[in-house]
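> Quick one: this structure, given as structure tokens, is what I'll be asking you about.
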Amino acid sequence: MASFDQKLAMAKRCSHEGAVAGAKAAVLATIATAIPTMASARMLPWARAHLNHTAQALIVSTVAGAAYFIVADKTILKTARKNSFNNNTTPA
């Protein structure tokens with residue numbers, strides 16, 4: 001039973017690390033996307049005519065969501081892979 005509890009705790013820690021890393025990436029992606037999107041919507045004639053506030057918000061939120069899921073997934077897989085290598089070195 002202790003092994004199951006250890007695996008459960010490790011899984012929670014891996015998912016928490018992934019969520020934190022994903023949130024950081026989403027914040028960074030939001031800032032990196034919002035600035036050029038807002039600037040182009042005010043300076044470029046085509047963007048001014050075709051990108052209303054909803055379109056601008058959709059662009060920014062799509063990039064932020066994608067960044068969150070990509071980074072969270074990679075972080076969880078990296079942590080799980082590292083922990084699986086660490087656990088294989090112990091004798092059964």
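> If we keep just the residues of segment 28-69 that are in contact (Cβ under 8 Å) with a residue 12 or more places away in the chain and open to solvent by 80 Å² or more (accessible area, probe 1.4 Å), which is farthest from the chain's Cα centre (by Cα)?
My answer is 28.
> Looking at segment 1-27 only, could you name the residues that are part of a helix (DSSP H, G or I), over 24 Å from the mean Cα position of the chain (by Cα) and not small (Gly, Ala, Ser)?
4, 5, 6
> Specify the residue that is modelled with the lowest pLDDT; the eligible residues are those in segment 77-92 that are open to solvent by 60 Å² or more (accessible area, probe 1.4 Å) and part of a helix (DSSP H, G or I).
Among residues in segment 77-92 that are open to solvent by 60 Å² or more (accessible area, probe 1.4 Å) and part of a helix (DSSP H, G or I), the one modelled with the lowest pLDDT is 88.
> Assess whether residue 72 counts as being in contact (Cβ under 8 Å) with a residue 40 or more places away in the chain, touching a Ser or Thr at 6+ places or on another chain (Cβ under 9 Å), of a type outside the set (Asp, Glu) and assigned to a helix (DSSP H, G or I).
For residue 72, the condition - in contact (Cβ under 8 Å) with a residue 40 or more places away in the chain, touching a Ser or Thr at 6+ places or on another chain (Cβ under 9 Å), of a type outside the set (Asp, Glu) and assigned to a helix (DSSP H, G or I) - is met.
The values are calculated or read from the model by the stated rules, or taken from the named source; none is laboratory data. Quantities reported herein were computed from a predicted structural model and do not represent experimental measurements. Reconstructed Cβ throughout: ideal geometry from the backbone, glycine too, with neighbour counts over all protein chains shown. Quick note on the areas: whole protein, heavy atoms, side chains included, nothing else; ligands and nucleic acids left out. Shrake-Rupley method; radii C 1.70, N 1.55, O 1.52, S 1.80 Å.
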